[in-house]
Amino acid sequence: MDIRMPGISGITAIERILAQAASPLPKILVLTTFDLDEYVYGALKVGACGFLLKDTPPDRLLVAIDTVLAGDMLFSAPVIKGLIETCTLRPAAPEAHFGLDTLTPRELEVLGLVGAGMSNSDIAQRLVLSTATIKTHVHRCMSKLMLNSRAQAVVFAYENGLISRGPAAWGTDTT
């Protein structure tokens with residue numbers, strides 16, 4: 001999906017496609033020349049599973065398609081850099097957290113790790129739980145919060161302060 005198209009924005013198109021789609025929902029990958037934060041966040045909020053720039057080499061585009069189809073998210077390096085910079089520079093979220101009171105402590109923990117970009121298997125390893133248990137927690141979080149994709153879960157976790165600021169929040173070891 002492109003972000004800017006004649007007659008309709010890519011964000012609106014993604015929103016409409018996902019609203020009318022039957023389960024399982026289609027996986028939508030944004031491919032555009034515009035890497036503005038507002039487009040990245042807008043696309044993720046409505047359910048895009050990745051955001052690539054049009055200068056992405058063809059072989060990487062094919063890998064991105066396979067990655068998104070497998071249920072993971074993928075972003076081009078400049079987009080990731082922008083997301084990290086925004087997360088490390090943005091002030092902490094306000095204390096009012098929409099829907100967080102419906103989650104158990106374990107679901108909150110799992111949602112925070114999803115928000116930090118960790119895969120189900122990485123979360124399972126970190127929490128010493130099975131991958132199936134993590135999948136259940138992720139599914140329950142997304143159901144309770146009415147989220148349609150992991151991308152939306154990442155945005156939700158970020159906007160509600162579940163991701164602490166700084167590189168450690170993204171699951172990277174800074175030592």
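The values are calculated or read from the model by the stated rules, or taken from the named source; none is laboratory data. Everything numeric in this text was worked out from a predicted model, so none of it was measured. Using ideal geometry, Cβ is built from the backbone for each residue, glycine included, and neighbour counts are taken over all protein chains shown. Ligands, DNA and RNA are stripped out before the accessible areas are found, and what is left, the full protein with its side chains, is counted by its heavy atoms. Shrake-Rupley method; radii C 1.70, N 1.55, O 1.52, S 1.80 Å.
Rounded to a whole number, what % of the accessible area of segment 18-67 do carbon and sulfur atoms account for, probe 1.4 Å?
57 percent
Using modelled amide H (1.01 Å from N, peptide plane; none on Pro or chain starts), what sits under 5 Å from the amide H of Gly50, excluding residues fewer than 5 places away?
For Gly50, whose amide H was placed from the backbone, the distant partners under 5 Å are Val30, Leu74.
When we measure straight from the Cα of Lys144, which lysines land under 17 angstrom away, once same-chain ones fewer than 8 places off are left out?
Partners within reach: Lys45, Lys135.
Could you calculate the FRET efficiency of Arg16 with Ile80 from 1/(1 + (r/R0)^6), where r is the beta carbon distance between them and R0 is 25 Å, rounded to 0.05?
Efficiency computed from Cβ-Cβ geometry: 0.40.
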